[in-house]
Structure formats: C-alpha cells, structure tokens
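One structure is given here, and the rest of the page talks about it.
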Amino acid sequence: MGEDEEVANYNVKVFIQKPLLDKIEIITSEYKNELGGLLFGIIKEGSIVIDDIIFPKQTVTGVSVDMDKKDLLELRKQNIDKWRNLIGFWHSHNTMGSFWSG
C-alpha cells in the first residue's frame, strides 16, 4: 500500500454455511485457474451470513478472473429476489496466497 492509503478496520464477523464452504473449498482446490463468484446472504447484528453462491460465466487464467457482463445481467433477471441479498464478489487466487487484489 502507498503511504497515503488509509486502512479501515471493521469488527465484523463473517459466517459461511458449512455445506457452502465445503463446496467452495472443493471447487477451488480442484480447479487449476482462478475462479470467481457472487456471494449472497444477509447482514444482521454486526455479522454477515453467506448462504449461497452463483458462478457466472467467466474467462479465467492462472492469475485473473473476468466475469461475463451479459451473463451477470441475465443472472440478475433470473434471480431478482435473490439479488437483493447480494453481499459481494469473491475470487480465488489459485496457487497464490491471500491478499487484497488490485
């Protein structure tokens, strides 16, 4: 980080339902490129509870993920009620360690 960048420190707990976490771990351990998805859940009482994930069409390499914009729009149309609970996006780092992506 550059010297003029500010670091935010939030005390928020994130919970992922065990079957979903198992699914993510299996997929990311078996897939040899990066992979990304959309996370769905709820925010309540200072916590985030992730309960579902959608994998849109994407172009991936060993170091990048590019989600298909048209597919994202189509997924939104098909899942409009679920979309209200969109928490965010995530992607794996394949064989790299954990760090904030640029």
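What the table below lists for this structure:
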item: Within the range 33-57, considering residues that are in contact (Cβ under 8 Å) with a residue 40 or more places away in the chain and in a loop (DSSP other than H, G, I, E, B), the one farthest from LEU73 (Cα to Cα); result: ASN33
item: Single residue of GLY88, GLY2, GLY102 found to be open to solvent by less than 70 Å² (accessible area, probe 1.4 Å) and either assigned to a helix (DSSP H, G or I) or modelled with pLDDT under 75 (or both); result: GLY2
item: Residues of the range 11-34 satisfying the condition of being of a type in the set (A, V, I, L, M, F, W, C) and more than 20 Å from GLY88 (Cβ to Cβ); result: ILE26
item: Residues of the range 11-32 satisfying the condition of being among the aromatic types (Phe, Trp, Tyr) and more than 23 Å from GLU74 (Cβ to Cβ); result: PHE15
item: Residues (out of contact with any Leu (no Cβ under 9 Å at 6 or more places or on another chain), open to solvent by less than 100 Å² (accessible area, probe 1.4 Å) and at pLDDT 75 or above) located in the range 58-78; result: ASP68, ASP71, GLU74
item: Qualifying residue in the range 15-32 (condition: surrounded by 10 or more Cβ atoms within 10 Å (Cβ to Cβ), assigned to a helix (DSSP H, G or I), modelled with pLDDT of 85 or more and charged (D, E, K, R)); result: yes
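The values are calculated or read from the model by the stated rules, or taken from the named source; none is laboratory data. Keep in mind that this is a model prediction, so the values were computed, not measured. Positions of Cβ are generated from backbone atoms using ideal geometry, with glycine treated the same way; all protein chains shown enter the neighbour counts. We work out accessible area using only protein heavy atoms, side chains counted, and drop any ligands, DNA or RNA first. Shrake-Rupley method; radii C 1.70, N 1.55, O 1.52, S 1.80 Å.
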